[in-house]
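Since the structure comes first, as structure tokens, the remarks are kept for the end.
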């Protein structure tokens, strides 16, 4: 599938001890992007290779569905 294809990503987040993790999942290619935000505001971005169990894994790990807006504000450095 071409990189510019119209894929509807799914977004998840988890908050704990003042930190936040935001995850964008490509449900077709099973790839993703994770943004970790420390309590002091420092961010770290990681590209992820996922598998078909990702949605179960996120649920077990305490992630909830979130807004694409929140992810993209942090992704673009606007939050």
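The values are calculated or read from the model by the stated rules, or taken from the named source; none is laboratory data. For clarity, every value in this text was computed on a predicted model and none was experimentally measured. Ideal geometry is used to build each Cβ from the backbone, glycine not excepted, and the neighbour counts take in all protein chains shown.
Of all residues being part of a loop (DSSP other than H, G, I, E, B) and in contact with a strand residue (DSSP E or B) (Cβ under 8 Å, 6 or more places away or on another chain) in the stretch 35-79, which is surrounded by the fewest Cβ atoms within 10 Å (Cβ to Cβ)? Just the residue, please. Outline the logic, then answer.
Here is the first cut: in the stretch 35-79, the residues part of a loop (DSSP other than H, G, I, E, B) are 38-42, 50-53, 61-63, 66-67, 76-79.
Then keep just the ones that are in contact with a strand residue (DSSP E or B) (Cβ under 8 Å, 6 or more places away or on another chain); that gives 38-39, 50, 61-63, 66-67.
Numbers: 38: 12, 39: 9, 50: 17, 61: 11, 62: 12, 63: 19, 66: 18, 67: 11.
The qualifying residue surrounded by the fewest Cβ atoms within 10 Å (Cβ to Cβ) is 39.
Quickly run through the stretch 10-26 and pick out the residues that are more than 13 Å from residue 62 (Cβ to Cβ) and modelled with pLDDT under 95. Talk me through it step by step, then tell me what you get.
Step one: list which residues in the stretch 10-26 are more than 13 Å from residue 62 (Cβ to Cβ), which gives 10-11, 18, 22, 24-26.
Residue satisfying the conditions is 18 alone.
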